[in-house]
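The values are calculated or read from the model by the stated rules, or taken from the named source; none is laboratory data. Nothing here was measured: the structure is a model prediction, and the numbers come from that model. With ideal geometry, Cβ positions are generated from the backbone for all residues, glycine too; neighbour counts draw on all protein chains shown. Remember, those area values only see protein heavy atoms, side chains included, never the ligands or the DNA or RNA. Shrake-Rupley method; radii C 1.70, N 1.55, O 1.52, S 1.80 Å.
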Amino acid sequence: MLIKSQKDFFSGLLFTTIGVVFGIGAKSYTIGTAARMGPGYFPLMLSVLLAGMGVLIMLSAILRRHRPLNGDPIGPWAWRPLFYILAANFAFGILLVGLPALGIPSFGLMVAIYALVLISGRAAFNASLKSSLILATVLAVGSYVVFIKSLGLVLPVWPSFLVG
C-alpha cells in the first residue's frame with residue numbers, strides 16, 4: 001500500500017477514528033428508528049457519516065494517480081493554535097456554568113462568548129483585536145437571539161453575581 005498523500009490519509013484516519021469512537025458512545029443512548037428517533041439517533045448517524053467520509057478520504061489518498069509518492073508530507077505540529085483553541089473551549093465551558101469546586105461562579109453566555117472569541121483569536125498570527133471584538137459581539141447577540149429568545153433554552157446569560 002503506497003500512500004500518495006500523507007495529509008489526506010492521516011486526516012481520513014482521524015475522521016474515521018473520531019466517528020467510530022462517537023458511534024460507540026452514541027450506542028449507549030436509545031437509538032430508535034427514523035420515524036421515532038431517540039436521543040442517540042442523530043449522534044450515531046453523524047458518527048457513521050464522519051467515519052464513512054474518513055474512509056473515502058483515506059482511499060482517495062491511497063488510490064490517487066497523479067501525485068508523487070509520499071507527497072504532501074505532514075509538517076510539524078502547530079502548537080500555538082492548538083493551545084489557544086483548546087484554552088478557548090475550556091474557558092468557554094468554565095465561564096458559562098462556573099466551577100463551584102474551585103469557587104468560580106457562572107459568568108454567563110455573554111462573557112463566555114467574548115472570552116471564547118478573544119482567546120481563540122490569539123491562535124492566528126494576523127488577527128486584530130478590533131475584528132475579534134466585532135465577531136464576539138455578533139456571535140453574542142446572535143446566540144442570545146437564537147438560544148435564549150427563539151429556542152427558550154435556560155442558560156445563564158449574565159454573570160451570576162450581577163443578576164443574583
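The peptide list 135-145, 6-16, put in order of mean Cβ contacts within 10 Å with the highest first, becomes 6-16, 135-145. Rolling a 1.4 Å probe over the protein heavy atoms of segment 77-148, with every protein chain left in place, gives an accessible area that is 79 percent carbon and sulfur. Ordering I3, F147, A51 by Cα displacement along the dipole of the chain toward the positive end leaves I3 in first place; charges were set at the Cβ atoms of Lys, Arg (+1) and Asp, Glu (-1).
Normalised by the number of residues in the chain, what is the relative contact order in percent for Cα pairs under 8 Å and 6+ residues apart?
Values: 221 pairs, mean separation 34.3, N = 164.
Once normalised by length, the contact order is 21 percent.
Here segment 72-131 and segment 18-39 have alpha carbon centers that stand 29 Å from each other.
Of the DSSP H helices in the chain, those with a Cα length along their own long axis of 27 Å or more and a mean Kyte-Doolittle hydropathy reaching 1.6 comprise 41-63.
State the Kirkwood hydrodynamic radius of the chain in Å, one decimal place, computed from all pairs of distinct Cα atoms. Walk me through the numbers on the way to the answer.
Values: mean 1/r = 0.0519 Å⁻¹.
Across the chain, the inverse of the average 1/r is 19.3 Å.
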